[in-house]
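I have placed the structure first, in the form of structure tokens, so that the comments after it can refer back to it.
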Amino acid sequence: PSGTGRKGSLLAIALANGVEIDHACGGVRACSTCHVLVREGLETLPEASEDEEDMLDNAPALEACSRLACQAVPDGTRDVVAEVPS
């Protein structure tokens, strides 16, 4: 789907399953509204790019497990549990 970030991203998966995650920029790594905390399965995601890390610097409640849902694409080897910070 258009506007959901990288193909197979946590954002695309969430939206396809009726889980709403804000994504003001349409998944192009230009905001931090789709910030999620990956509680399980972080190792199944590729490392964040420098651009993603720069954008995460703007996100509130930043943690070591923070990712942009539009950029985080799990490899499918195990389940991923992500939380939308309040």
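The values are calculated or read from the model by the stated rules, or taken from the named source; none is laboratory data. Because the structure is a prediction, the values reported are computed rather than measured. Counting neighbours? That spans all protein chains shown, and the Cβs are built from the backbone with ideal geometry, glycine included. Keep in mind that these areas ignore ligands, DNA and RNA; they rest on the heavy atoms of the full protein, side chains included. Shrake-Rupley method; radii C 1.70, N 1.55, O 1.52, S 1.80 Å.
With respect to GLU47, is the statement that it is acidic (Asp, Glu), in a loop (DSSP other than H, G, I, E, B), free of Cβ contacts under 8 Å to residues at least 12 places away in the same chain and more than 17 Å from SER86 (Cβ to Cβ) true? Yes; evaluated as a whole, the condition is true for this residue. Flag: PRO74 matches the condition of being part of a loop (DSSP other than H, G, I, E, B), touching a helix residue (DSSP H, G or I) at 6+ places or on another chain (Cβ under 8 Å) and modelled with pLDDT of 95 or more. Once the range 55-86 is narrowed to residues that are aliphatic (A, V, I, L, M) and in contact with a Cys (Cβ under 8 Å, 6 or more places away or on another chain), the residue that is farthest from ARG29 (Cα to Cα) is ALA69. Pick from the range 1-41 the residues that are charged (D, E, K, R) and in a loop (DSSP other than H, G, I, E, B): which of them is least open to solvent (accessible area, probe 1.4 Å)? Only one residue tops the list, namely ARG29. Taking ARG67 as the residue in question, decide whether it is of a type outside the set (A, V, I, L, M) and part of a strand (DSSP E or B). It is true that ARG67 is of a type outside the set (A, V, I, L, M) and part of a strand (DSSP E or B). Of the residues making up the range 51-62, none is part of a loop (DSSP other than H, G, I, E, B), modelled with pLDDT of 95 or more and within 19 Å of ARG78 (Cβ to Cβ).
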